[in-house]
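Notes follow the structure.
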Amino acid sequence: MNIVAVDQPLPRFTDLLRPHARVRDTPAVAARRAQAAAADPWSCPERQHSYRFAHRVLRDRALEVPYRLLAAARDGREQAVLARMWAAAADETAPRRQRQAEGLGARTVGNGMLLVTLPEPLHPGEAYCALVAARPKRAVRYLLLERAPADPAVGGYHLRAVLTEWTPGGVHRHHHRLPADDTAFLGAVDALLDPAQK
């Protein structure tokens, strides 16, 4: 039999049954949290609805059942499908942080590729648009054009967005910055999906 020395007294059984008390933030703690949120725009809670749609709900559908999304677009049911997914993202979001689906839409942009446009992003990390690539005999890819944290001016263009990708393994890759428009996004996606055709 092994005996283990314990530096702290063990909790009583009744302490284990009692729910943990919720401690309210002091003004100083609340101020530090607000300062940290301002310093890190990725943690901004107001982006939750649009962010959850692009980075959770649509991502999961795109990587698990991409052909259903493509079939819905082919049959003219894409708006109904997107509206249901937008509502699912709203169910996971506090009412004061929900957004209207203005600008939400989808269209096919090639063989096995669906471009989904989203409401104008308000915060970094939210997407301008997403692309589901489920081409024959190729791995499924899910790419996003996200609002960038800063607007560096390079070569006369304001690169306000970043090309990102979610992998089936749950990795969120950042590729490179782009202008915030569909044409630049589709060009960068073509170069990424078919690097030999550059």
**Asked** Are there any pairs with C-beta distances below 7 angstrom linking a residue in the range 172-198 that is under 14 Å from Arg160 (Cβ atoms) to a residue that is of a type outside the set (S, T, N, Q) and part of a helix (DSSP H, G or I), with the two at least 6 apart or on different chains, and if so which?
**Response** Leu178/Ala184; Leu178/Phe185; Leu178/Ala188
**Prompt:** When you look at Ala54, is it surrounded by 21 or more Cβ atoms within 10 Å (Cβ to Cβ), of a type in the set (A, V, I, L, M), more than 13 Å from the chain's Cα centre (by Cα) and under 26 Å from Arg160 (Cα atoms), yes or no?
**Reply:** no
**Neighbours by Cβ (under 8 Å, 6+ apart or cross-chain): first from the range 88-99, under 7 Å from His49 (Cα atoms); second surrounded by fewer than 13 Cβ atoms within 10 Å (Cβ to Cβ)** = Arg97/Pro45
**Request:** Confirm whether Gly112 is at positive phi and surrounded by 21 or more Cβ atoms within 10 Å (Cβ to Cβ).
**Result:** no
**Message:** Checking Pro149 against (1) modelled with pLDDT under 90; (2) within 22 Å of Arg61 (Cβ to Cβ): exactly one of these is not met. Which one?
**Reply:** (2)
**Request:** Select from the range 171-198 the residues that are part of a loop (DSSP other than H, G, I, E, B), within 16 Å of Ala139 (Cβ to Cβ) and modelled with pLDDT under 90 and list them in ascending order.
**Result:** Asp194
**Asked** Looking only at helices (runs of 4 or more DSSP H) that fall completely inside the range 23-138, which ones have 3 or more residues that are at pLDDT 85 or above?
**Response** 48-52, 58-64, 66-74, 78-91
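Return yes or no: is Leu104 free of Cβ contacts under 8 Å to residues at least 40 places away in the same chain and surrounded by 13 or more Cβ atoms within 10 Å (Cβ to Cβ)?
When the stated conditions are applied, Leu104 passes them.
The values are calculated or read from the model by the stated rules, or taken from the named source; none is laboratory data. Every value quoted in this text rests on a predicted model; they were computed, and no experiment measured them. All Cβ positions, glycine included, derive from the backbone under ideal geometry; neighbour counts span all protein chains shown.
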